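Just so you know, all these numbers are worked out from the coordinates, no wet-lab data involved. Please read all numbers here as calculations on a predicted model, not as lab measurements. Cβ sites come from the backbone with ideal geometry, for glycine too, and all protein chains shown count toward neighbours.
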Amino acid sequence: MFNHVHINKIEMIRIEDLNSLRLISKYECRMKQSLLFTDLDIQDLVGVTVEDSYENAQRKYTTTVTFKTPCRKLLALSRMAFRLTDVNGDQYMVGTNSRPFPIIKEVQNYPEKVPDSSLKQFTITWKSMCPMLRTYYY
């Protein structure tokens, strides 16, 4: 039976602070429990899609994360990785401590109609040889 995965929390960390992260398989990573992540204030759930493709006879993955936030200030986000937590407490990493790094795009909305949303929308895209990584700790 298929279990639905609903992501309800997203956190970020600078790539430079992920020196304890180790890939244990193509789909899993392990890192120290003591790493300090910054929690992002989100509205609703986080959307995630993972697509695969073949380029030069290699399988590549594109992980896309989207979320909305009421935070109006512009965030200086570059060279960041993201930890996602689902409603069951399972955690996943988008990005590692090596290239390629996730690309962060933000859209600031100033609606022309009152009922339209003024939430800022973020889209994080990570193209890698690995999909979103299930995370374990030591």
What are the residues in segment 94-118 that are touching an Asp or Glu at 6+ places or on another chain (Cβ under 9 Å) and either loosely packed, with under 15 Cβ neighbours inside 10 Å or among the hydrophobic types (A, V, I, L, M, F, W, C) (or both), if any?
N109
Please find, within segment 8-22, the residue that is surrounded by the most Cβ atoms within 10 Å (Cβ to Cβ) out of those that are polar (S, T, N, Q) and assigned to a loop (DSSP other than H, G, I, E, B).
S20
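Are there strands (runs of 3 or more DSSP E) fully within segment 71-122 with at least 3 residues that are among the hydrophobic types (A, V, I, L, M, F, W, C) and out of contact with any Pro (no Cβ under 8 Å at 6 or more places or on another chain)? List them.
Numbers: elements: 80-86, 91-94, 103-107.
Because the criterion is at least 3 residues that are among the hydrophobic types (A, V, I, L, M, F, W, C) and out of contact with any Pro (no Cβ under 8 Å at 6 or more places or on another chain), the strands (runs of 3 or more DSSP E) in segment 71-122 that meet it are 103-107.
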Single residue of V65, V114, V94 found to be of a type outside the set (D, E) and more than 17 Å from I13 (Cα to Cα)
V114
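Does any residue of segment 85-105 turn out to be touching a His at 6+ places or on another chain (Cβ under 7 Å), in contact (Cβ under 8 Å) with a residue 12 or more places away in the chain and over 18 Å from S20 (Cα atoms)? Break it down into steps so the answer makes sense when it comes.
Applying the first criterion (touching a His at 6+ places or on another chain (Cβ under 7 Å)) to segment 85-105 yields 86-87.
Filter again for in contact (Cβ under 8 Å) with a residue 12 or more places away in the chain, leaving 86-87.
So of that shortlist, the ones also over 18 Å from S20 (Cα atoms) come out as 86-87.
Yes, the conditions are met somewhere in segment 85-105.
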Those residues of segment 50-84 which are over 28 Å from N19 (Cβ atoms) and either among the small types (G, A, S) or free of Cβ contacts under 8 Å to residues at least 24 places away in the same chain (or both) amount to E51, S53, Y54, E55, N56, A57, K73
